[in-house]
């Protein structure tokens, strides 16, 4: 009963798989960006903005951003449930983390898509 309440009905396997999938997306994005930066040593603003003008790059960046937020949320939730025992403090901590994650996603979308 307690397990289903704290994990919202999911098993730990779901969180474990999500961590692995988001880690793969983040690793792919990091390798791509490092490769791009290494292959373009004299990178200027026009090249950089040109990279992010394409829809594919915007989608890849959005996927990486959402993966980072999901990865961080699962990690912070796991750490907070393990180490913050008072329910009220844990609730506040998780609420602040969730609010910040939401703000970062909205802000990132505004920057990425120029909304």
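Some notes on this structure:
- With contacts taken as Cα pairs under 8 Å at a separation of at least 6 residues, the stretch 13-86 carries a relative contact order of 54 percent.
- Degrees, to the nearest 10: 12-39 long Cα axis against longest axis of the chain: 20 degrees
- Extension gain, residue 20 to residue 55, is 10.1 nm, computed as 0.36 nm per intervening residue step minus the present C-alpha separation.
- Every helix of 4 or more DSSP H residues in the chain counts as -39500 (n - 2.57), and over all residues that averages to -29000 deg cm²/dmol at 222 nm.
- Identified option (computed Cα extents along the principal axes in Å; candidates (i) 55, 27, 22; (ii) 54, 45, 40; (iii) 49, 34, 32): (i)
- Straightening the chain between residue 39 and residue 87 buys 12.3 nm, computed as 0.36 nm per residue apart minus the Cα-Cα spacing.
- Using alpha-carbon coordinates, inclination of helix 55-83 to the longest axis of the chain, degrees: 30 degrees
Values quoted throughout were computed directly from the atomic coordinates according to the rules given, and no laboratory measurement underlies them. These numbers come from a predicted model, not from an experiment.
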